[in-house]
1. Can you find a residue that is at pLDDT 85 or above, among the small types (Gly, Ala, Ser) and in a helix (DSSP H, G or I) anywhere in the stretch 271-278?
2. Within the stretch 267-292, count every residue that is charged (D, E, K, R), more than 26 Å from the chain's Cα centre (by Cα) and open to solvent by 70 Å² or more (accessible area, probe 1.4 Å).
3. If I go through the stretch 167-190 residue by residue, how many of them are surrounded by 15 or more Cβ atoms within 10 Å (Cβ to Cβ) and either closer than 30 Å to ASP106 by Cα or modelled with pLDDT of 90 or more (or both)?
4. Only residues that are free of Cβ contacts under 8 Å to residues at least 12 places away in the same chain and under 15 Å from ALA462 (Cβ atoms): list them for the stretch 32-54, please.
5. When you go through (1) more than 21 Å from GLU408 (Cα to Cα); (2) touching a strand residue (DSSP E or B) at 6+ places or on another chain (Cβ under 8 Å); (3) not hydrophobic (A, V, I, L, M, F, W, C) one by one for GLN44, which number turns out not to apply?
6. Just one of (1) touching a residue at least 60 places away in the same chain (Cβ under 8 Å); (2) more than 26 Å from ARG406 (Cβ to Cβ); (3) not in a loop (DSSP other than H, G, I, E, B) trips up ILE7, so point out which.
7. Give, as residue ranges, the helices (runs of 4 or more DSSP H) completely inside the stretch 123-199 that count at least 2 residues that are over 26 Å from GLU239 (Cα atoms) and either among the small types (Gly, Ala, Ser) or touching a residue at least 60 places away in the same chain (Cβ under 8 Å) (or both).
Amino acid sequence: MNLLSQIRTLFAPVLADIAPDPAKVPDYLLMVKPANNSDHGDYQANFAMPLGKLLGQKPPDVAKAILAELPPNDVVEPPTVAGPGFINLKLKSSFLADAVRTVAADPKLGHEPAAKPRTFVIDYSGPNVAKPLHVGHLRSTIIGDALARILRSLGHTVIGDNHLGDWGTQFGILLYGYKHHRDDAAFAADPVRELARLYVHVRGLFRKAGDEEEDGPTDDPVKVACQQETAKLHAGDAENVELWKRFMPACLDMLTPIYDRLGVRIEHALGESFYNPMLPGVVDDMLAKGIADTSHGAVVIPNAKGVIPRTDEDQKKEDPPAIIRTRDDLSRFVEARKQKRSRVAGMLSIEGLQALDGKLENVDTLFAAGFRMMGLTHFFDNEVGSSAHGVSHGGLTPLGRQVIARMETLGIIVDLAHAAPQTVDETLALSTRPVVVSHTGVAATCPGPRNLTDDQLRAIAANGGLVGIGYFEGAVCGLGASFVARAIMHAVR
């Protein structure tokens, strides 16, 4: 049951009769949207203004003419015309009561099954199995499982893919810890607990411990030793491979009870090690097709301009190329090849004009490639241009307005991260769908002012949008747990 669709359907035949160009009727129907001010009603229709201009009539007169032809219905009270031609719509209490009773009696709460069921592959959770599951992986797990449940409830086939981190530096840490710091009795009694202890212990030996295995000085002797153990594992060293095989069951045993308790069902759990034999073929394929090239001993993909900086001078002037990290998304790549008629579901997001190349039609290209969210900053803010993250006072460019309209039609989510207040206001005025503010928008050097106020963020949330907690004071520049906790406390207040 979609209330907005029902209301738009009421106006469709009338608009088809009055519109000079019937092909524009779908665009006019998109101008029926939730009311900005609930005091004026539940929904509002704004199409009288553009129609008035085309018909050479006053918008309020056009609005009244449309309402005169509106067929009787059980959905809305008699509409009213306000201001320059706004049509205010209020749902009938009897309609709402009937709708609530219908939804309450429906096991699917009014959700209609998809007209054309599809197969979706969702890659989620993906923890490093060498260490206990932390809140970051729980977040991905819950979001992925929620998407899977929603798609299944709509009648789609969902293939869950848990791309486990079982072949990287984290196992070098375990191998080093096992060889130098293990407690044999503890490992025999409870290998899960002992491996978790070893991981934490060795990470604590790094001269500068951080959140990721790559953190810390490059000449840290413990870190270097862990990297060497990882390299030996990848090279097929018999001792390290045998230890890795001993560790894996215990590592997986740490995950199973948590998934079971959460009721998470993921069909496939294939780690990085599963795809390791395939990596050379993928890289060779990219090289053969000219997608990738070699530079300074690495295989890279050219930057957005199609350039691979090769000299020190070029590296100062040009954006760096993308170094191919073939482990990260290979599971999605392989599964997509297996499921040739399947769509890969994911919150693929992009930010910046580079991907559009200044062409409106490239929005459709990105949509076809699977992108479902686009950030506005760096190219719609006039004063930001293509610069780094920062605060600006510019608004939407003409291209920006066209892109938002096309995103609305395709259903691509607008991400307002780092957008200027003027851009936010103009975008909300144009948008009929909820928007997202995915992450913080501050001056280039922290600490700095946020570009949006709490009032703006609450207005976005009130319209069904999502706001990342990093936007709230106290989490802007912090990466630790205390900053996140403080942000959550601020948000819920």
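The values are calculated or read from the model by the stated rules, or taken from the named source; none is laboratory data. Note that the structure is a prediction, hence the values are computed from the model and not measured. We place every Cβ from the backbone using ideal geometry, glycine too, and count neighbours over all the protein chains shown. We work out accessible area using only protein heavy atoms, side chains counted, and drop any ligands, DNA or RNA first. Shrake-Rupley method; radii C 1.70, N 1.55, O 1.52, S 1.80 Å.
1. yes
2. Step one: filter the stretch 267-292 for residues charged (D, E, K, R), giving 267, 272, 284-285, 289.
From what is left, the residues that are more than 26 Å from the chain's Cα centre (by Cα) are 284-285, 289.
Restricting the remaining residues to those that are open to solvent by 70 Å² or more (accessible area, probe 1.4 Å) gives 284, 289.
Counting residues in the stretch 267-292 that are charged (D, E, K, R), more than 26 Å from the chain's Cα centre (by Cα) and open to solvent by 70 Å² or more (accessible area, probe 1.4 Å) gives 2.
3. In the first step, residues of the stretch 167-190 are kept if they are surrounded by 15 or more Cβ atoms within 10 Å (Cβ to Cβ); the result is 167-178, 182, 187.
Those left that are additionally either closer than 30 Å to ASP106 by Cα or modelled with pLDDT of 90 or more (or both): 171-178, 182, 187.
Residues meeting the conditions: 10.
4. Result: ASN36, ASN37, SER38, ASP39.
5. Checking GLN44 against (1) more than 21 Å from GLU408 (Cα to Cα); (2) touching a strand residue (DSSP E or B) at 6+ places or on another chain (Cβ under 8 Å); (3) not hydrophobic (A, V, I, L, M, F, W, C), the one that fails is (1).
6. Answer for ILE7: the failing condition is (2).
7. Values: elements: 135-153, 169-181, 184-189.
Passing ranges, in order: 135-153.
Yes/no per residue for (1) farther than 22 Å from ILE173 by Cβ; (2) without any contact (Cβ under 8 Å) to a residue 24 or more places away in the chain; (3) in contact with a His (Cβ under 9 Å, 6 or more places away or on another chain); (4) not in a helix (DSSP H, G or I):
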{"site": "ALA250", "(1), (2), (3), (4)": "no, no, no, no"}
{"site": "MET254", "(1), (2), (3), (4)": "no, no, no, no"}
{"site": "ILE258", "(1), (2), (3), (4)": "no, no, no, no"}
{"site": "ARG261", "(1), (2), (3), (4)": "yes, yes, no, no"}
{"site": "PRO280", "(1), (2), (3), (4)": "yes, yes, no, no"}
{"site": "GLY290", "(1), (2), (3), (4)": "yes, yes, no, yes"}
